[in-house]
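Colleague: First, the structure itself, so that you have it in front of you.
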Amino acid sequence: MQDATAAALEVRDLDIAYRVRGRDRQVIRGLSFRIGRGETFGLVGESGCGKSTVALAVTRYLPNNGRVRAGGIRIAGEDALAMDAAALRRLRTRSISMVYQDPGRALNPSIRVGQQVAEVFEIAGVPASERMDRAEAMLERVRIVDAGRVMSRYPHQLSGGMLQRVVIAMALAVDPTLLILDEPTTALDATVEAEVLDLIETLRAEMGSSVLFIGHNLAVISRMCARVGVLYAGTLVEEGPTRDVFAGPRHPYTVGLLRCLPQAGLSKHKTRLDTIPGFLPTSLAGIRGCVFAERCGLAQDICRAEEPPLIPVSEGRLSRCHFHEQAPDLPRSTPPAPLANRQKTQAFRPVVRAAGIGKTFGSPTAPIYALRDISIEIWPGETLGLVGESGSGKTTLAKLLLGLTAPDPDGVIELNGQKLAPVATKRQPAELEALQIVFQNPDAALNRSQTIRRIISRPMRKLGGYRGGKLATKLTELMSHIRLAERYLPMRPRQLSGGLKQRVAIARAFAGDPRIVVCDEPTSALDVSVQAAILNLLADLQAEQGVSYLFVSHDLRVVRYISDRIAVLYLGRLMEIGPAEAVFLGPHHPYTESLMAASASEEAGGSLRLKGEIPSAMRPPSGCVFHTRCPRKIGAICEEQEPALIQREGDHAIRCHLERDQLGRADARP
Amino acid sequence: MSASVTPGTETPMPAASEQPAAAVPALDTPSSIRRDRVKLLLRSPPFVVGVLILLFWVVMAIFGPLIVPYNADDTDLLNTLTPPAFDHLFGTDQFGRDIFSRVIVGSRDILIVAPLATLLGTVVGTILGLITGYARGITDDIISRIVDAFLALPLLIIAMLVITALGISNTTVIVVIGLSFGLIVGRTVRAAVLSERDLDYIAAANLRGEKPLYIMFVEILPNVMPPILVETTVRLGYAIFTVASLSFLGLGIQPPSPDWGLSISQNYGLIGGGFWWTVLFYALAIGSLVVGVNLTAEGVQSVLDA
Amino acid sequence: MRLYRAILYRLMLAVITLWLLSVIVFAGCQILPGDVGRAILGPFADARSVAALNHQLGVDRPLLVQYWSWITGMLHGNMGQSYTYRAPVAPFIGHALLNSLKLAGIAFVLVVPLGILGGVVAALRVNTWVDRTIVIAGLSATVVPEFVSGIVFIMVFSIWLRIFPLTATPPSHAGFFTTIYYLLMPSIPLFMILFGYIARMARAGMIEALTSDYTRTAVLKGLTYRQVIWRHVLRNALLPTITVIATQTGYLIGGLVVVETLFNYHGIGSLIFAAAKAKDFPMLAAGILVIGVVYVGANLIADLLYSALNPRISFGGRE
């Protein structure tokens, strides 16, 4: 039976393979780690490293083609791999619980939420008369306001943040020995993420469960976990106390990963981001030496011949590197200096000017205000960052400028002072050429049945007017600009990795001579090491060609790194716009302040929290649309009268009733 | 879905087959994908059996008259209704015609009419589906309503109505089945187009000023080919089904063709008298052909879906 | 309130469909044949008697007038006069429809539970020989025309084994069980056609539900296999099957034409077939329209049932 002194989870020499097309493909190799009672352990790695497979193996829910080939998993002292069906069910009932990445799909769509929570108590043997009350109490415990009402809802009637609370309530209902969190906040907005992380932290401290936290976000892991293991290509490459590992990494992969992050204070004007060259190995089968050797700047012959063991580097720290002492001095893979700005032109007017544009969806009787009365200018060679929670209207604004959605009739969009037709299909070829886009998801953005050559050369022909030999020359030139090898030209998108696909999408946007490129979350589907390379590329192209960007992103660090100016949207209203550093450092709008607090809380829990969810655009709040959630609300005036967007200093404008010295500042926070 | 069921099972139910993909970036080349698909097809027993049956009947339809022992139309009034024996493998009918020869040759008409109807249906349906799916809005609403109304009637009834009104001929059969299939294929294509047209590559095409026809036929069409292909093979099965049924009702292929459905309806009255062979072999022929076509369709579908 | 509006919306769509259907049927029966009198009397009749017949039948009036009198008649239950029987159409249709409903009802009662069961069993044993057998057998049964399987059954069970009667029409004043006995064999070809579809849909729905995240949640809660299947999987898996069953009623009616002819049974299918052969256009039009009404009605019910059982569907939306 359970051993109260044994480790909550002990994984030893785990080796997992999936059988694909008749062949075994190894995904986890020789993985060992241990989570003590009450300990929080993070397993971090980029997509494809096998971290989710670990969660599936621990819960014994590997797909049918997956198999544990060797090694052992012990949960609270019991051998999980040897359990029969009954023991396994007992284990799942009492000892382990799991919180999933996508709460919307983790709950049964046709059963009321209350019943789904109550079911956990049923399995635990709670008498029928008490189950619903216990379920309601549990929902209250995860800070669901009005739990009684939520109980009778179906999952599709609740928001993502709310659903994740329900899943957490189910997971913690029986006080498990081990709580597995598999990317629990990846699908949520930063503001909601902050709340959910707070909640998990508090409840865990109360209940004393051990935690296996699986994630790709280094900041979140470092906040939530005492110890961390870094997983690369199915192999644990480094392990130790989170703070030590992230402050002084001792494996070249960890070092590279941390350098890819756009840290606060970095900017495209000062430093290029470092990247990790190369790709994940396609197969682990043929690798005799270190799995990272192919991409490592420190690799010697021994690295390719002999796999390093996990070497103790200091108290409680392990690194799987022959040269772990040199790891911090890993040479950069990209030169640090940004490209010199070749196109320094004196600009007299903005490239794009939008005046009073808006977008109303729905019917005249039930209008949905996605965007109201927005006026912005984008100047040559600059990047305007666009931030806000989902539902704030970021993507709608981008689509209006591009003409993919027709704006409400009274707004005006100008390109170089010329009024643009409201929809793209009515615009002139030269106008189309000037305004291009890079989408978030390259899989949807590239036609999967066409070759890369075709995807890139068609817009060259249509927009740039290139033909024949000139087209071939220009294609070669563009490919080298985008740092895309010509051997990819005959391939189709599915043969490329995510980062390469996004390069193709960028190449397509630059096929003509764009003056402004809308970047709609271009790196949010990518791993950090790939993200760094894409951000560098965008910065280089801007320096070389003087193009402007409208950069839409929910990641404030990325926006801060890449943007010259920043615009903040909330519920379809422009709340603040100004130079990037001014917006970040403040004084800034209370909403901007809350966003930044939420972003910072990934690293450390903060005090400033946005309460509740973004209101419905069908019934936006009266007065200032933000007053329902504003941490600095003054009083009745906020509810009755919408403040004007007032220029505070220089070209920094804020829509708030507060005086300048009453607004929050970044340096004023602890 | 060719996951093997491992003993000592991990979970008591088929779990999601998570792709171990990202660890193994898909570096397949297009030709290797195609080769893999062909290999998968050839490894699927239903597909192989189906294709062999289909091929057999196609060969019979083309070369049958050259290899049969008797002329299918030759009567022999001295040898009527003889049971199967060595000189008449499947026996003879009431006119003394050799049933074996008639079964072999009888594949011809149905294998001309049914594929032509299918082809017409696929072409009409693809165009209809592309237009309604891409245009959306009022065009789509109107056409969809009309299609709904048509599909409220079973195909056989529509065919009966039109054939009664216009008179019986193979052309009428092809046109009425083809156009009806066009509506059904159109629905399938429309659904596929609807899920394509919201993808960003369409927006990208609009942003370089492509015309709607280009977007429909050059950008979207290749991506909706797999469902069209599956639908076509499935439709071929139905076409054979429907043509055979019409012929049985006397509204399809007309005498003196040795067509199977027609022959069954002519000889049906004889089975009460114990002359089972005058019907059974035609029935088996139809059965084998439709099952063959549908096994083929099933194979194509499972490979394209994988 | 929302439910009320949704039902109204669906009803409206159904009425539009029926109206379009009536136009199609009218066009098929009155316009396509061109000269109705000529079509009835044949190419050798003299022009005067053709014209006289046309006038007598009222088909020399403008088309809109004809349509209006036809459709208003239909709405009042007056389906017109049969050319063949020189008598009102309605009683024939009513009698035949009742007979067909009996036959189709038996096939339906058999096939719905068995088809679902087959699909569920196949999904629970996915990729085993049980699954493959059900899938291949279902598929093969589905594609063989009714007259082919029907004839084989007649040869085996009526002529060789002499278990079932050759005809589907029970003797007059037959009791409930006798009627079922007579209708059982004719219902088998219909059963075979539907079994494959229903089993296939049920199987696909089950596999999707079994591989879903919510099923994983249920399993990892510690529920037993049985509880997972009964509470979490079946309901979500079988919802789409409802729609398929309704759509299949259309095919069922199409199949009736063949089966009723084969088994010499007086149902709506054989009535329509006879009317078509005799060029009895009022009978044909009424019969076809009735079939359309049955089909649209079945789909309306399935639609509402699906929406009522599926909390995710917001009423009133399009597919």
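The values are calculated or read from the model by the stated rules, or taken from the named source; none is laboratory data. This one's a predicted model, so the numbers in the text were calculated from it and none came from an experiment. No Cβ is skipped: glycine too gets one built from the backbone with ideal geometry, and neighbour counts run over all protein chains shown. Ligands, DNA and RNA are excluded from the accessible area calculation, which covers all protein heavy atoms including side chains. Shrake-Rupley method; radii C 1.70, N 1.55, O 1.52, S 1.80 Å.
Colleague: Scan the range C:75-98 and tell me whether some residue there is under 30 Å from residue C:199 (Cβ atoms), open to solvent by less than 80 Å² (accessible area, probe 1.4 Å) and part of a helix (DSSP H, G or I).
Modeller: So far as the range C:75-98 goes, yes, one or more of its residues are under 30 Å from residue C:199 (Cβ atoms), open to solvent by less than 80 Å² (accessible area, probe 1.4 Å) and part of a helix (DSSP H, G or I).
Colleague: Pick from C:151, C:180, C:163: which is within 13 Å of chain B (Cβ to nearest Cβ), of a type outside the set (Asp, Glu) and either open to solvent by less than 60 Å² (accessible area, probe 1.4 Å) or over 22 Å from the mean Cα position of the chain (by Cα) (or both)?
Modeller: That would be C:151, the only listed residue that is within 13 Å of chain B (Cβ to nearest Cβ), of a type outside the set (Asp, Glu) and either open to solvent by less than 60 Å² (accessible area, probe 1.4 Å) or over 22 Å from the mean Cα position of the chain (by Cα) (or both).
Colleague: State which residue pairs qualify: first residue without any contact (Cβ under 8 Å) to a residue 12 or more places away in the chain and inside the range A:484-497, second residue surrounded by fewer than 20 Cβ atoms within 10 Å (Cβ to Cβ) and in a loop (DSSP other than H, G, I, E, B) in any location, beta carbons under 8 Å apart, and separation of 6 or more residues or different chains.
Modeller: Pairs that qualify, where the first residue is without any contact (Cβ under 8 Å) to a residue 12 or more places away in the chain and the partner is surrounded by fewer than 20 Cβ atoms within 10 Å (Cβ to Cβ) and in a loop (DSSP other than H, G, I, E, B), are A:495/B:26; A:495/B:27; A:495/B:28; A:495/B:29.
Colleague: Same structure, new question: Any chance the range A:442-458 includes a residue that's closer than 20 Å to residue A:398 by Cβ, open to solvent by less than 70 Å² (accessible area, probe 1.4 Å) and polar (S, T, N, Q)?
Modeller: no
Colleague: I've got another one for you. Determine the pairs where a residue that is modelled with pLDDT under 95, located within the range B:275-292, has a partner that is of a type in the set (D, E, K, R) and assigned to a loop (DSSP other than H, G, I, E, B) with Cβ atoms under 6 Å apart, the partner being 6 or more residues away or on another chain.
Modeller: Correct list of pairs: B:278/B:93.
Colleague: Taking the options B:95, B:100, B:90, name whichever one is out of contact with any Asp or Glu (no Cβ under 6 Å at 6 or more places or on another chain), open to solvent by 70 Å² or more (accessible area, probe 1.4 Å) and modelled with pLDDT of 80 or more.
Modeller: B:95
Colleague: Might you check whether a residue that is out of contact with any helix residue (DSSP H, G or I) (no Cβ under 6 Å at 6 or more places or on another chain) and at the interface with another protein chain (Cβ under 7 Å from one of its Cβ atoms) occurs anywhere in the range A:26-48?
Modeller: No: the range A:26-48 contains no residue that is out of contact with any helix residue (DSSP H, G or I) (no Cβ under 6 Å at 6 or more places or on another chain) and at the interface with another protein chain (Cβ under 7 Å from one of its Cβ atoms).
Colleague: While we're looking at this one, here's another question. Restricting attention to the range A:390-425, and to residues there that are without any contact (Cβ under 8 Å) to a residue 60 or more places away in the chain and hydroxyl-bearing (Ser, Thr, Tyr), which single residue is least open to solvent (accessible area, probe 1.4 Å)?
Modeller: Looking at residues that are without any contact (Cβ under 8 Å) to a residue 60 or more places away in the chain and hydroxyl-bearing (Ser, Thr, Tyr), I get A:405.
Colleague: A further question follows. Restricting to the range B:87-98, what's the tally of residues that are in contact with a Leu (Cβ under 8 Å, 6 or more places away or on another chain) and farther than 11 Å from residue B:75 by Cα?
Modeller: Counting residues in the range B:87-98 that are in contact with a Leu (Cβ under 8 Å, 6 or more places away or on another chain) and farther than 11 Å from residue B:75 by Cα gives 1.
Colleague: Scan the range A:50-65 for residues that are hydrophobic (A, V, I, L, M, F, W, C) and open to solvent by 10 Å² or more (accessible area, probe 1.4 Å) and jot them down.
Modeller: Hit for the range A:50-65 is A:56, nothing else.
Colleague: Also, quick follow-up: Go through C:137, C:141, C:168 for me and flag whichever is touching a Leu at 6+ places or on another chain (Cβ under 7 Å) and either assigned to a helix (DSSP H, G or I) or away from every other protein chain (no Cβ under 12 Å) (or both).
Modeller: One residue alone meets the criteria, C:168.
Colleague: Looking at the structure I just gave you, is residue B:74 outside any helix (DSSP H, G or I), among the acidic types (Asp, Glu), open to solvent by 60 Å² or more (accessible area, probe 1.4 Å) and in contact (Cβ under 8 Å) with a residue 24 or more places away in the chain? Before you say what the answer is, go through the steps one by one.
Modeller: On the way: outside any helix (DSSP H, G or I): yes; among the acidic types (Asp, Glu): yes; open to solvent by 60 Å² or more (accessible area, probe 1.4 Å): yes; in contact (Cβ under 8 Å) with a residue 24 or more places away in the chain: yes.
Against the criterion (outside any helix (DSSP H, G or I), among the acidic types (Asp, Glu), open to solvent by 60 Å² or more (accessible area, probe 1.4 Å) and in contact (Cβ under 8 Å) with a residue 24 or more places away in the chain), residue B:74 qualifies.
Colleague: Looking only at the range A:543-580, how many residues end up being in a helix (DSSP H, G or I), open to solvent by 10 Å² or more (accessible area, probe 1.4 Å) and not aliphatic (A, V, I, L, M)?
Modeller: 4
Colleague: Now for a separate question. Name the single residue that is most open to solvent (accessible area, probe 1.4 Å) among those in the range C:209-231 being farther than 18 Å from residue A:63 by Cβ and at the interface with another protein chain (Cβ under 7 Å from one of its Cβ atoms).
Modeller: Among those residues, the one meeting the criterion is C:224.
Colleague: Can we say residue B:287 is more than 14 Å from chain A (Cβ to nearest Cβ) and surrounded by fewer than 21 Cβ atoms within 10 Å (Cβ to Cβ)?
Modeller: yes
Colleague: From the list C:126, C:59, C:109, pick out the single residue that is out of contact with any Ser or Thr (no Cβ under 6 Å at 6 or more places or on another chain), free of Cβ contacts under 8 Å to residues at least 60 places away in the same chain, surrounded by 14 or more Cβ atoms within 10 Å (Cβ to Cβ) and aliphatic (A, V, I, L, M).
Modeller: Of the residues listed, the single one that is out of contact with any Ser or Thr (no Cβ under 6 Å at 6 or more places or on another chain), free of Cβ contacts under 8 Å to residues at least 60 places away in the same chain, surrounded by 14 or more Cβ atoms within 10 Å (Cβ to Cβ) and aliphatic (A, V, I, L, M) is C:59.
Colleague: Scan the range A:87-115 for residues that are facing chain C (nearest Cβ under 8 Å), touching a residue at least 40 places away in the same chain (Cβ under 8 Å) and open to solvent by less than 60 Å² (accessible area, probe 1.4 Å) and report the count.
Modeller: Total satisfying the criteria: 12.
Colleague: Restricting the range B:290-304 to residues that are open to solvent by 10 Å² or more (accessible area, probe 1.4 Å) and more than 7 Å from chain C (Cβ to nearest Cβ), which is nearest to residue C:154 (Cα to Cα)?
Modeller: B:295
Colleague: Among (1) surrounded by fewer than 19 Cβ atoms within 10 Å (Cβ to Cβ); (2) in contact with a Lys or Arg (Cβ under 9 Å, 6 or more places away or on another chain); (3) closer than 22 Å to residue A:261 by Cα, where does residue A:198 come up short?
Modeller: All conditions are met except number (3).
Colleague: Could you tell me which residue of the range C:235-247 is farthest from the other protein chains (Cβ to nearest Cβ), considering only residues that are open to solvent by 10 Å² or more (accessible area, probe 1.4 Å) and either of a type in the set (D, E, K, R) or within 16 Å of the chain's Cα centre (by Cα) (or both)?
Modeller: Of everything passing the filter in the range C:235-247, C:245 is farthest from the other protein chains (Cβ to nearest Cβ).
Colleague: Output yes when any residue across the range A:269-276 is within 16 Å of residue A:293 (Cβ to Cβ), in contact (Cβ under 8 Å) with a residue 24 or more places away in the chain and surrounded by 21 or more Cβ atoms within 10 Å (Cβ to Cβ), and no when none is.
Modeller: To start, the set of residues in the range A:269-276 that are within 16 Å of residue A:293 (Cβ to Cβ) comprises A:276.
Narrowing further to those that are in contact (Cβ under 8 Å) with a residue 24 or more places away in the chain: A:276.
Then keep just the ones that are surrounded by 21 or more Cβ atoms within 10 Å (Cβ to Cβ); that gives A:276.
Within the range A:269-276, one or more residues are within 16 Å of residue A:293 (Cβ to Cβ), in contact (Cβ under 8 Å) with a residue 24 or more places away in the chain and surrounded by 21 or more Cβ atoms within 10 Å (Cβ to Cβ).
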